[in-house]
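Below you will find the structure I want to go over with you.
Laboratory data are not the source of any read-out in this text; all were calculated from the coordinates shown. From a predicted model like this one, the values you see are computed outputs, not experimental measurements. No Cβ is skipped: glycine too gets one built from the backbone with ideal geometry, and neighbour counts run over all protein chains shown.
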Amino acid sequence: EFFDKAGLELILPFGGLRGRGAMKQDPPVVRDLHLSLEDLFHGCTKKIKISRRVLNEDGQTSTMRDKILSIEVQPGWQQGTRITFEREGDQGPNIIPSDITFVVQEKLHPRFKRVDDNLIYVTTIPLGKALTGCRVDVQTLDGRLLNIPINDIVDPKYCKVVPGEGMPLLQDPRRKGDLLLCFNICFPKNLTPEKKLLLKRALLS
């Protein structure tokens, strides 16, 4: 037994003064969790199989065994969100199993690009519609078809904001970010003299 100068008993860490036999934990095992925008919009359950060493009854040897980890994806999770399962790594004598951490990676989407809680949608329209107005159809992540009127003159920097049609907010999934509608303007490759004259009269008068 060990005592301090006042004669009181000292409580030492497991393993004594030199730390022999002290339990230690390996660094976390980090894996990517690839999710689509639809997964992050609606939320979903992902089941992931891992293989790890599990101690046998003798406490010294181990056996490789599979285990299913279940991740409840919440609407509004973002790139870089981390989900940690504590002590689900390999088991062994005198070690604390490492944690397993999954890091969300957003998959590329064919229609949208995500920026924070907003969604960016890029469409191409001809110059005539950019000057005179048009309507743009956008299919949302939940399957609805938006028919968005564009009444402003569209220049290369123009962006139409559609409130509440972005990604769910993590703090309150009933609320959503915005849809940002951006444009590529397609210019005609050639014009007849008659059309040039009409444009001059319309634009330069």
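Note down the net charge around Pro188, summing +1 for each Lys or Arg and -1 for each Asp or Glu among other residues with Cβ under 13 Å from its Cβ.
That sum, taken over residues with Cβ under 13 Å, equals +4.
Sum up the charges of everything whose Cβ sits under 13 Å from the Cβ of Arg31, counting Lys and Arg as +1 and Asp and Glu as -1, but leave Arg31 out.
On the way: positive: Lys46, Lys49, Arg52, Arg82; negative: Asp32, Glu88, Asp99.
Net of charged neighbours comes to +1.
Over the chain, what is the mean sequence separation of C-alpha contacts under 8 Å (at least six apart), divided by residue count, expressed as relative contact order in percent?
Numbers: 372 pairs, mean separation 36.2, N = 205.
It rounds to 18 percent for the chain.
Related question: In whole Hz, what ³J(HN,Hα) sequence does region 52-65 give by Karplus (6.51, -1.76, 1.60; θ = phi - 60°), x for Gly and Pro?
Per-residue couplings from phi come out as 8, 7, 10, 4, 7, 5, 6, x, 10, 9, 9, 10, 6, 9 Hz.
Next question. At a threshold of 8 angstrom on Cα-Cα distance, excluding pairs fewer than six apart, so keeping six or more, what relative contact order does region 112-188 reach in percent? Could you put the intermediate results ahead of the total?
Numbers: 148 pairs, mean separation 30.3, N = 77.
Worked out over region 112-188, it gives 39 percent.
For the chain, what is the charge dipole size about the Cα centre, in debye to the nearest 20, if Lys and Arg each add +1 at the Cβ and Asp and Glu each add -1 at the Cβ?
On the way: 31 positive and 26 negative charges, 266 e Å.
With only Lys, Arg, Asp and Glu charged at Cβ, the dipole is about 1280 debye.
Among Lys189, Lys24, Lys107, which one shows the highest mean-square fluctuation when the chain is modelled as a Gaussian network with alpha-carbon springs under 10 Å?
Lys189
With the contact rule set at Cα under 8 Å and sequence spacing of 6 or more, what percent relative contact order holds for region 24-106?
Working: 177 pairs, mean separation 34.7, N = 83.
Relative contact order, region 24-106: 42 percent.
What Kirkwood hydrodynamic radius, in Å, does region 24-106 give when the mean of 1/r is taken over all pairs of distinct Cα atoms and then inverted?
One over the average 1/r among Cα pairs gives 13.9 Å for region 24-106.
Would you mind checking which residues have amide H under 5 Å from Leu33's amide H? H placed 1.01 Å from N; only 5 or more apart, or other chain.
So Leu33 has HN proximity to Val103, Val104, Gln105.
If you don't mind, another one. Please give me the summed charge of the neighbours of Arg144: other residues whose Cβ is under 12 Å from its Cβ, Lys and Arg +1, Asp and Glu -1. Present the calculation step by step, with values, prior to reporting the outcome.
Working: positive: none; negative: Asp137, Asp142, Glu165.
My count for the surroundings of Arg144 gives -3.
So what's Rg/Rh here for the chain, counting alpha carbon atoms and using the Kirkwood radius for Rh?
Values: Rg = 29.9 Å, Rh = 22.7 Å.
With Rh from the inverse mean 1/r over Cα pairs, Rg/Rh is 1.32.
Given region 30-174, what percent of its DSSP beta bridges are antiparallel, to the nearest 5? Working shown, then result.
Values: 26 of 32 bridges.
DSSP beta bridges in region 30-174 are roughly 80 percent antiparallel.
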